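> Before I ask anything, let me first share the structure, which is written out below as structure tokens.
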Amino acid sequence: MFDRLENIGGHRTTVLGQPRVIDSPVGKAVEFDGVDDALFIDNHPLAGAETFTWEAVFRPDGGQTEQRWFHLSEQDPTGADTANRMLFELRVAGDQWCLDSYHQSGTESKALLNRKSLHPLGVWYHVATVYDAKELRNYVDGVQEGAAQVHLAPHGPGRSSVGVRINKVFYFKGAVHLARFTRKALSPSEFLTPPVFHRKG
């Protein structure tokens, strides 16, 4: 739950810029300005997972064309980020957006981006990426948008960033309400929220 800045899910955060906790129709959330706001979290919640479901409830508000709004990064023993990563990204097209889910593990990588599946900005959405050890899939409000066969080895320990890519580029304009990480492939009927989550504000 994104209802505070000093820690998320019991993990310590580093705050960049001035993200703020807001009240919204879906509950407390952290809002980012798309310029220099971000949270870095000392945890990679899917490290070691062979299968997984990554869910989030968020509100995109516009901003730059490409945004990396949730990044899970593996780190090596020295604490440096490796190339292994999982991301929720978005692309803004006018007053609409589309979801981009990117995953890399070793030499294997896959981006799920359906530019034809556009959604209005300024609305709360549930998004999910699911991996069953054979196929990677992504969803918006319970509706599948992309899928690809890929072999993704489990990540090692690491850290996360919310509101920006881990190397502090492609800042996010909008808000994040919550995230859930499950170490198995869930069906849409098992997702955290109802498939239709369109609430403004």
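A short reminder: the numbers here are calculations on the coordinates, not readings from a lab. Since we're looking at a predicted model, the values are computed, not measured. Glycine also receives a Cβ, built like all others from the backbone with ideal geometry; neighbour counts cover every protein chain displayed.
> For Ser24 and Thr82, calculate 0.36 nm times their separation in residues minus their Cα-Cα distance, and state this gained length in nm to one decimal.
Using 0.36 nm per residue and subtracting the Cα-Cα distance, I get 17.3 nm.
> With the Cα gyration tensor of the chain in hand, give its eigenvalues times 5 under a square root as the equivalent ellipsoid semi-axes, listed largest first in whole angstrom.
Ellipsoid semi-axes (Å, largest first): 23, 21, 16.
> Further question: For region 83-201, what mean projected area does the convex hull of the alpha carbons give, in nm²?
Value for region 83-201: 7.6 nm².
> Starting with the highest mean, order 178-187, 77-86 by the number of other Cβ atoms within 10 Å, averaged over the residues of each peptide. Working shown, then result.
Values: 178-187: 16.4, 77-86: 14.2.
Highest to lowest by the protection proxy: 178-187, 77-86.
> I want to check the label-to-label distance for Lys184 and Glu50. Put each point 7 Å from Cα in the C-beta direction and report it in nm to one decimal.
A separation of 1.4 nm, rounded to one decimal place.
> Would you please give the residues with an amide H less than 5 Å from that of His155, counting only those at least 5 places away or on a separate chain, with H modeled from the backbone geometry?
Gly48, Ala49
> Separation of region 8-52 and region 79-115 by C-alpha centroid, Å?
Between the Cα centre of region 8-52 and that of region 79-115, the gap is 17 Å.
> Between Glu108 and Asp42, how high is the FRET efficiency from 1/(1 + (r/R0)^6) when r is the Cβ-Cβ distance and R₀ = 25 Å? Nearest 0.05. List each step's numbers first, then the result.
Numbers: r = 26 Å, r/R0 = 1.05.
After rounding, the FRET efficiency stands at 0.40.
> Express the relative contact order of region 7-190 as a whole percentage, based on alpha carbon pairs under 8 Å and six or more residues apart in sequence.
Computed over region 7-190, the figure is 33 percent.
> Sequence neighbours fewer than 8 away in the same chain don't count; with that in mind, list the lysines whose C-alpha is under 30 Å from Lys134.
Lys110, Lys116, Lys184
> How large is ³J(HN,Hα) for each residue in region 102-114, as worked out from phi by the Karplus curve 6.51 cos²θ - 1.76 cosθ + 1.60 (θ = phi - 60°), to whole Hz, x for Gly and Pro?
Rounded to whole hertz, the list is 10, 9, 9, 8, x, 7, 9, 8, 7, 10, 9, 9, 10.
> Go through region 64-75 residue by residue and turn each phi into a ³J(HN,Hα) via Karplus (6.51, -1.76, 1.60, θ = phi - 60°); whole Hz please, and just put x for glycine and proline.
Values per residue, Gly and Pro as x: 5, 4, 10, 9, 10, 9, 8, 9, 9, 10, 6, 10 Hz.
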